[in-house]
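Structure, as structure tokens:
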Amino acid sequence: MDSKTIRSTFIKFFEEKNHTIVPSAPLIIKNDPTLMFTNSGMNQFKDFFLGNKVAPYKRVADTQKCLRVSGKHNDLEEVGIDTYHHTMFEMLGNWSFGNYFKKEAISWAWELLTEVYKLPKDRLYVSVFGGDSSENLAFDQEAYDLWKEIISEDRIIHGSKKDNFWEMGDTGPCGPCSEIHVDLRTQEEVDRVPGKDLVNNDHPHVIEIWNLVFMQFNRLVSGKLENLPAQHVDTGMGFERLCMAIQDVKSNYDTDIFQPMIQYVASLAGARYGENNETDIAIRVIVDHIRAIGFTIADGQLPSNNKAGYVIRRILRRAVRYGYTYLNLKEPFLYKLLPLLARQFGDVFPEIKQQQEFVARVVHEEENSFLRTLDQGLKRIENMLQDAGLVAEGENSNESKARNPLFKGSQVFDLFDTYGFPKDLTLLIFKEKGVLQFLDPDWEKEFNEKLDAQKKRSRQDSNIATGDWVILREDEDLDFVGYETLEAQANIIKYREVEEKNKRHYQVILNTTPFFGESGGQVGDKGFLLVGEEKIPVINTKKENDMIVHLTTMLPSDVDMTLTGVVDKQKRQLTESNHSATHLLHAALRQVLGTHVQQKGSLVSESVLRFDFSHFAKMTAEEIRRVEHIVNQKIRENILLDEQQNVPLQEAKALGAMALFGEKYGEFVRVITFDQNYSVELCGGTHVKSTGIIGFFKIISESSVAAGVRRIEAVTADVAEHYVYQNLDALDNLKELLKQPADLKSAVETLVDERNKLQKEVEQLHLKAAGEMKNQLLASADDMNGVTVIISRLAVPSADILKKICFDIRQQTASFFLVLAAEVDSKPQIAVMASDDLVQNKGIDA
Ligand code: SER
């Protein structure tokens, strides 16, 4: 079976068992502070497990793009070195939300693997949770008994908490699990060592393929386990490993998922896969990493210097470095892999195909800039070697010339910190240069200390400590009423303390709230909670999963009392103006520049709107004008807001509504339309009731943020009015200075012309004076043993003139030494010069 058939067979199998098939969620997680990337198929269902939301379907299956490169699940360092870990991988999964449980999950998994995929039964092992006394968790007898019905007991392994209790992160849903392992070794090897002894022992051919998790608990911040409101099933099968097992090969990379890309990379490098361990690792790193890089960028995450963007940048650099060092790929090459990636995955994950060109440009630019850094870093190493008195080649000559031969761990760290040189790259370069023996034997210890200290610092910078929720009311539906009103009565249903940068605040959840939580680029509302006589400031509002979290500086003295939430109206209205203007801008950009324009990010606040979009050239002044003109025209048309809630996603897309790549849309969406022939967007933000309210729109800057991404900043309403006044005031001041000329432009032109003319005249005069000074100096010079000696203090207008006098003297005089001093703009300037004959014959040094 080829990989495409393996994938579709899984989907079909569960479809026939009444599962709804859903699309993969994006790789980038928004609105969940506990997680940066989707690391498992269940992430998008977290709220269903926790009981925060009701699942629209009881049974679901899909293939999910996952990334395990940060946090609790991190495989990055293994990738490429071994043959069965990946950065990005696909996880096939089936789920039950409070519907079926262990019995069905186990028997269907067995049926699919052995009867449909026809994996040999005598090569499968299963594990069940063996219990854990420190957590008071019992042995999973139920799973054991179910497995006993289908597989002999000597193939059932009792697993530890580490292997058989699955947790999403440090907090969140978790439960005991049952894993299925497959033994892919030869019969000879199997006869020698039983597979059972190799399960969970990092053997590349005895590996876990499927994990059936029985979700029962929620791990709290305090570390305690709390029962979930219902029991669920969460299964995850590694697609690449499954393909290895079914295609009966010894490495994930030998499946048809990776082989085409491997052959392509090998051909770029003029190498052959399978001939040399070092180049093989490099090729695996590259074909693995390009998937992580390509799919995250397609999901809207650009490489950058912090958080998720930095993780992507590091993965990209790891790939470039392996290519550079082991495959001699010294020019950008990763971007060339995009067409193949898009062709291979375009039908399962269309976002990669639709944005192929954009992603390739971003990757290309990143590669270019890292290769430049790599170059600078190599030069830096050369300098280090020179400073230490080491020449670059030949070990013997090095020993004799070494002045200060010990390189410290701190230097290796500096290379890492400044140039992004991982320590193994530095070692490799040292080795190539034959200077490895000059490295301090304790360098690694020092390196690690510095690294730890840095990590600790950055943790402290970003650290937000949160307490556990204090729950006041259970099972309340959360209601957002902020589209309709800015004031609402509510009760606190839960709250918790948060400490950020030594400041204590509270996160408060209300059963009904008019406060808009920061999302989709729109900033969160501010305002206050009125509780009896108390007025509690709400300093920000955010979204966490689907919860609206109000950040307050204190708690009411009576947390159970009914309160009134009041939104800051002025801030909200200005923000709405900017949000609606962003939609008008988006549509205008597509009209003027073309439909390749896709939103790549936005920020909408009360003072400004910022819109990032894909476009490959700087906008001309004329294009900017046209865009402004269209937007202002739409404002003047005073188009009424058409807001539709709960539109089925497919229907909204059929209406032509613009959706964002990397955004997770629910089954039902909100559609914001300003003239159905002009702007239709999926959007959860707040908007003006009609475009006239925006008043006026003005772009204040257009710039580049990354390869292929431009940024427009613009203002609306009063802010735009002020902006125009500021510019007009500057113009008025200018006119006043120029005595109100009839034609300002020609007045300034005349001024500039005059200035240029005068400057030329002054320069002539200075040159003439310099010539005279030179003659005087020569006339009054001393002669000492045949050498003309000139020592004098001059009054010159510039250092350049001083220099000119020196060189003119040199032109005219054979053997001379001079020292000239001058004060130019309150700064001392000294020129010292000796003629060539004195330098060469007498060893005079200026
Ligand atoms: N959540 C489990 C895992 O990631 C099963 O899907 O292994």
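The values are calculated or read from the model by the stated rules, or taken from the named source; none is laboratory data. Everything numeric in this text was worked out from a predicted model, so none of it was measured. Please note: Cβ atoms are built from the backbone with ideal geometry, for glycine as well, and neighbour counts cover all protein chains shown. These accessible areas exclude ligands, DNA and RNA; they are computed on the full protein's heavy atoms, side chains included. Shrake-Rupley method; radii C 1.70, N 1.55, O 1.52, S 1.80 Å.
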Consider only pairs whose beta carbons are under 9 Å apart and that are at least six residues apart or on different chains; among these, list those whose first residue lies in the stretch 785-805 and is under 19 Å from ASP837 (Cβ atoms) and whose second residue is part of a helix (DSSP H, G or I) and open to solvent by 20 Å² or more (accessible area, probe 1.4 Å). VAL787/LYS842; THR788/LEU778; ILE790/LEU778
From LYS535, LYS543, which residue is at pLDDT 95 or above, open to solvent by 10 Å² or more (accessible area, probe 1.4 Å), among the charged types (D, E, K, R) and assigned to a strand (DSSP E or B)? LYS535
Being part of a strand (DSSP E or B), out of contact with any Ser or Thr (no Cβ under 9 Å at 6 or more places or on another chain) and either open to solvent by 60 Å² or more (accessible area, probe 1.4 Å) or away from the ligand (no atom under 14 Å from the Cβ) (or both) is the filter here; which residues of the stretch 200-227 pass it? VAL206, LEU225, GLU226, ASN227
Top-ranked residue of the stretch 806-826 - restricted to ones that are surrounded by 12 or more Cβ atoms within 10 Å (Cβ to Cβ) and acidic (Asp, Glu), ranked as farthest from GLY843 (Cα to Cα): GLU823
Return yes or no: is ASP191 more than 16 Å from the ligand (Cβ to nearest atom), assigned to a helix (DSSP H, G or I) and farther than 25 Å from SER107 by Cβ? yes
Taking the criterion of being closer than 21 Å to SER40 by Cα and either without any contact (Cβ under 8 Å) to a residue 24 or more places away in the chain or over 39 Å from the mean Cα position of the chain (by Cα) (or both), would at least one residue in the stretch 160-179 satisfy it? yes
State all residues of the stretch 60-98 that are within 14 Å of the ligand (Cβ to nearest atom), closer than 16 Å to LEU27 by Cβ, not in a strand (DSSP E or B) and not charged (D, E, K, R); if no residue qualifies, say none. GLY71, HIS86
Which condition number does THR279 fail, the rest of (1) within 18 Å of GLU77 (Cα to Cα); (2) in contact with a Pro (Cβ under 8 Å, 6 or more places away or on another chain) being met? (2)
When both residues are 6+ apart or on different chains and their Cβ atoms are under 9 Å apart, which pairs have a first residue that lies in the stretch 525-543 and is over 13 Å from ILE492 (Cβ atoms), and a second that is open to solvent by 50 Å² or more (accessible area, probe 1.4 Å) and of a type in the set (Phe, Trp, Tyr)? LYS535/PHE528; PRO537/PHE528
List the strands (runs of 3 or more DSSP E) that sit entirely inside the stretch 405-502 and contain at least 2 residues that are in contact with an Asp or Glu (Cβ under 8 Å, 6 or more places away or on another chain). 464-466, 492-500
Only one of these conditions is not met by LEU76: (1) of a type outside the set (Ser, Thr, Tyr); (2) open to solvent by less than 40 Å² (accessible area, probe 1.4 Å); (3) over 30 Å from ARG321 (Cα atoms). Which number is it? (3)
Qualifying helices (runs of 4 or more DSSP H) (wholly inside the stretch 554-657; at least 3 residues being without any contact (Cβ under 8 Å) to a residue 40 or more places away in the chain and either under 32 Å from the mean Cα position of the chain (by Cα) or within 26 Å of ALA488 (Cα to Cα) (or both)): 569-593, 649-654
Exclusive hit being within 16 Å of the ligand (Cβ to nearest atom), open to solvent by 30 Å² or more (accessible area, probe 1.4 Å) and of a type in the set (Val, Ile, Thr), set THR171, THR186, THR235: THR171
Limited to the stretch 286-310, what total is found for residues that are in a helix (DSSP H, G or I) and surrounded by fewer than 24 Cβ atoms within 10 Å (Cβ to Cβ)? 4
Answer yes if at least one residue in the stretch 241-255 is open to solvent by less than 50 Å² (accessible area, probe 1.4 Å) and within 16 Å of the ligand (Cβ to nearest atom), and no otherwise. yes
Can you tell me which residue within the stretch 1-53, out of those that are among the acidic types (Asp, Glu) and out of contact with any Asp or Glu (no Cβ under 9 Å at 6 or more places or on another chain), is farthest from the ligand (Cβ to nearest atom)? GLU16
